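Structure record follows, encoded as C-alpha cells.
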Amino acid sequence: MTKYARTSTVLAAVVLLAGATCFAQGPGEATYKAKCQNCHGAAGLAETGMAKALKVKPVTDPAVSKMTLAEMIEATKNGVGKMPAFKASLSEAEIKGSAEVFHSFIK
Ligand code: HEC
C-alpha cells in the first residue's frame, strides 16, 4: 500500500514535469497556432483561404524572408497592412514567441 502510494506520487510528478516541459516549448507555438496560423498558414506559406483573401505573402517571398526577427516582432506588435496590431491583445512574450515561430519558417 505504502509502496503503491509512493509509485503513484512519482508517476504524478513525472506527468506534471512532462506537462511543464511541453508548456516551456512554447507559448510561441501555442500563440502562433491560435492567433496567426489562420492568416499565415501552419508553416507560414499563406496557403489558407484567409491568407488568399488578404493577400498575405508566404515566408518564401523575398520581402518577408529578408526580415529580421526584430522587424517581425515590430510588425506583430503594430500590425502591417490588413493585419491587426497585437500589442493590445497579446503579451510581450506571446508576441516575441509567435514572431519567432513565424521567423523560423524562413528557410
Ligand atoms: C487577420 C489575418 C492575420 C492574422 C491573424 C495575422 N496576420 Fe500577420 N499579416 C497579415 C497580413 C494581411 C500581412 C501583410 C501582408 C503581407 O505582406 O504578407 C501580415 C504581415 C505579417 C508580417 C510581416 C511580414 C509579411 O508577411 O508581410 C509578420 C511578421 C506577421 N504578419 C506576423 C504575424 C504573427 C506573428 C501573427 C500572430 C500573432 C499574425 N501575423 C497574425 C495577416 C494576418
- Query: How many residues does region 87-107 contain that are assigned to a loop (DSSP other than H, G, I, E, B) and either within 7 Å of the ligand (Cβ to nearest atom) or in contact with a Ser or Thr (Cβ under 6 Å, 6 or more places away or on another chain) (or both)?
  - Reply: 2
- Query: Of all residues in region 52-65, which are within 10 Å of the ligand (Cβ to nearest atom) and either farther than 20 Å from Ser89 by Cβ or surrounded by fewer than 13 Cβ atoms within 10 Å (Cβ to Cβ) (or both)?
  - Reply: Ala53, Lys55, Lys57, Pro58, Val59, Asp61, Ala63, Val64, Ser65
- Task: Count, please, the residues in region 70-86 that happen to be more than 9 Å from the ligand (Cβ to nearest atom) and either in a helix (DSSP H, G or I) or basic (Lys, Arg) (or both).
- Result: 3
- Item | Test for Ala42: is it assigned to a loop (DSSP other than H, G, I, E, B), more than 9 Å from the ligand (Cβ to nearest atom) and either free of Cβ contacts under 8 Å to residues at least 24 places away in the same chain or in contact with a strand residue (DSSP E or B) (Cβ under 6 Å, 6 or more places away or on another chain) (or both) | yes
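Only the coordinates and a few stated rules stand behind these numbers; no lab work does. From a predicted model like this one, the values you see are computed outputs, not experimental measurements. In this analysis, Cβ positions are derived from the backbone assuming ideal geometry, glycine residues included, and neighbour counts consider all displayed protein chains.
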